[in-house]
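Structure first, commentary second.
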Amino acid sequence: MSGGSGDSSPASGRASFSSLSDLKDLELSSESGCLSIVVLGASGDLAKKKTFPALFHLFQQGFLQSGEVHIFGYARSDISDDGLRERIRGYLKGASDEHISEFLQLIKYVSGSYNSGEGFELLNNAISENETSNSNKPGSSRRLFYLALPPSVYPSVCKMIRSYCMNPSSHTGWTRVIVEKPFGKDLDSAEQLSAQLGELFNEQQLYRIDHYLGKELVQNLLVLRFANRLFLPLWNRDNIANVQIVFREDFGTEGRGGYFDQYGIIRDIIQNHLLQVFCLVAMEKPVSLKPEHIRDEKVKVLQSVTPIMHDEVVLGQYDGYKDDSTVPDDSNTPTFASLVLRVHNERWEGVPFILKAGKALNNRKAEIRVQFKDAPGDIFKCKKQGRNEFVIRLQPLESMYMKLTVKKPGLEMATEQSELDLSYGLRYQDVKIPEAYERLILDTIRGDQQHFVRRDELKAAWEIFTPLLHDIDAGNLKALPYKPGTRGPPEADELSKRMGYVQTHGYIWVPPTLSKF
């Protein structure tokens, strides 16, 4: 495994080592030398709000060293180095002005087109100049390109990188490329994009980033499932009634209506983010924690998913979505979807996985809800109170809790539902939970592809959803209207009920707060 820059981390870096990492972080090789990070699309929102802040946090924690890292922004905008730095400054939080300025001095800017060689020659000259500088530590030459760009320009940009900006063969080191979703709109477009990129880079050089795989509790799923004896005998069709993977937002498309209407909620959220979570919930135990072993099991479970049935899909579109002038008046694009995946294997036969995502709903959250079957021989007559559930809250307020039936305090033998609770804000008060992007960028520098999407995995995912998406695009499935601020179309709750989900009435999980202690 490739290493990061941890030889001379300051105290802040050492303190953050445990918060950013698991055991594999302690096994880094001592890879050193010039590291050039190029952010293409440097003037765009993604770069300013996510990519550059993630790089700053890695610098702040000592994972990027000023003696060896150089950061380049590349875009069409005609601005100076200082112009880019000032655009970024307002998005860098949690540090002194002096520390922020120190980071910003690592950034240089190159202006150029995305489909001509002139700009990329300038970029390569700037990178090479830093690589040969006497101020760099001796070692390998490493080049990381982050494509914070629309997918439509990926092929041309990657062709320019391949032609003009690869790590010279005379240097030891590597060239790696991070590409953002969406990876196509259906199976054919995804395969075409994969083929175009595959002609330029091998699979070890490509990192298809899905930021959900960098979330703390998503990364915890393998540990929870395979390191705890408690769950091993329970995680199957004999004990689990259904699984829900839910993503809710309490706002609409907010000026992104034209862009969103090209994709819809299934392409935007379910086919990638929620499906990645589904893989980690449903996959078999890998042979080891090596990235390829984990990704092999994810592919296997995707290939075991049966075709999605139309009567197990509910689509919705919130009232007011088409008020956006960039959205067609006859748009059938869903802003809400609830659908059922079924896995045809020994562990999960008969267990519905309900994937649900929507905009303009009544709250904001992302969670996994594993509902267990009723306890047989209910001598306490408490079945009506609800079932045991294991809930993993991915955002906000990262936490895990188990809903249990307990005796209600008092003289009577009465029962109620309560919980066993692990709230990260309380349990890990002195630990900074890293943002997904900083973890994934660090994994790319280290050459760890565990949390990135492999080409055959991407193909298997599109094979599941493409028939449904084509039917929606053709108007064969209609999006039902729902009011903003609600749970979505009532038909979605009816679908969950039909799939065997039993809603608990009268029980509300209240996130613990530090103010109580």
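The values are calculated or read from the model by the stated rules, or taken from the named source; none is laboratory data. No experiment lies behind these values; they were computed from the predicted model shown. All Cβ positions, glycine included, derive from the backbone under ideal geometry; neighbour counts span all protein chains shown. Note: accessible area is taken over every heavy atom of the protein model, side chains too, but ligands, DNA and RNA are not part of it. Shrake-Rupley method; radii C 1.70, N 1.55, O 1.52, S 1.80 Å.
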How far is it, in nm, from the label point at Phe380 to the one at Arg256 when both lie 7 Å from their Cα along the line to the Cβ?
4.4
Expressed as a whole number of Å, what is the distance separating the alpha-carbon centroids of the range 98-163 and the range 186-263?
29
Subtracting the Cα-Cα distance of Arg237 and Ser152 from 0.36 nm times their residue separation yields 26.4 nm
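If you add up the charges near Gly485, with Lys and Arg at +1 and Asp and Glu at -1, over every other residue whose beta carbon is less than 13 angstrom from its beta carbon, what do you get?
Value of the local net charge: +2.
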Would you mind working out the accessible area per residue for the chain, using a 1.4 Å probe, and quoting it in Å²?
44
So for the chain: antiparallel DSSP bridges make up what percent, rounded to the nearest 5?
50
Carbon plus sulfur, as percent of the 1.4 Å-probe accessible area of the range 177-322, comes to 50
Using amide H atoms built in the peptide plane, which far-off residues or other-chain residues are under 5 Å from Asn345 H to H?
none
Which residues in the range 232-271 have a backbone N closer than 15 Å to a point placed 7 Å from the Cα of Asn362 along the Cα-to-Cβ line?
248-251
Where in the range 220-252 are there trypsin sites (Lys or Arg not before Pro) that are in a DSSP coil and have at most 12 other Cβ atoms within 10 angstrom of their Cβ?
Arg229
Below 8 Å between Cα atoms, with a sequence gap of 6+, how large is the relative contact order for the range 318-357 in percent?
32
Gain in length, Thr504 to Asn345, computed as 0.36 nm per residue apart minus the alpha-carbon separation, to one decimal in nm?
54.3 nm
Computed about the Cα centre, the charge dipole of the range 35-180 from +1 Lys/Arg and -1 Asp/Glu charges at the Cβ has a magnitude in debye, to the nearest 20, of 480
Let me have the relative contact order for the chain, percent, based on Cα pairs under 8 Å that are six or more residues apart.
17
Could you report the accessible area of His70 in Å², rounded to 10, computed with a 1.4 Å probe on the protein chains as they sit in the structure?
30
Please report, in debye to the nearest 20, how large the charge dipole of the chain is about its Cα centre when each Lys and Arg carries +1 at its beta carbon and each Asp and Glu carries -1 there.
1300
With each label point set 7 Å from Cα along the Cα-Cβ vector, what nm distance links Ala95 and Leu426?
3.3
Divide by every residue of the chain the summed helix terms, -39500 (n - 2.57) for each DSSP H run of at least 4, and state the resulting mean residue ellipticity at 222 nm, rounded to the nearest 500 deg cm²/dmol.
-8500 deg cm²/dmol
Here is the link list: Lys322/Lys365; Lys432/Lys497; Lys215/Lys478; Lys356/Lys483; Lys108/Lys159. Which ones come out longer than 27 Å on Cα distance?
Lys432/Lys497; Lys215/Lys478
If I take every Cα pair under 8 Å that is 6 or more residues apart in the range 95-235, average their sequence separation and divide by the length, what percent do I get for the relative contact order?
20
Could I have the simple spin-label model distance between Arg229 and Lys322, label points 7 Å from Cα toward Cβ, reported in nm to one decimal?
6.0
Heavy atoms only, 1.4 Å probe, whole protein assembly: order Ser80, Ser101 by accessible area, highest first.
Ser80, Ser101
If R0 is 45 Å, what FRET efficiency do you get for Lys497 and Asp82 from their C-beta distance, rounded to 0.05?
0.15
Report the paramagnetic label zone for Lys407: residues of the range 349-391 whose backbone N is under 16 Å from a point 7 Å from Cα along the Cα-to-Cβ axis.
379-382
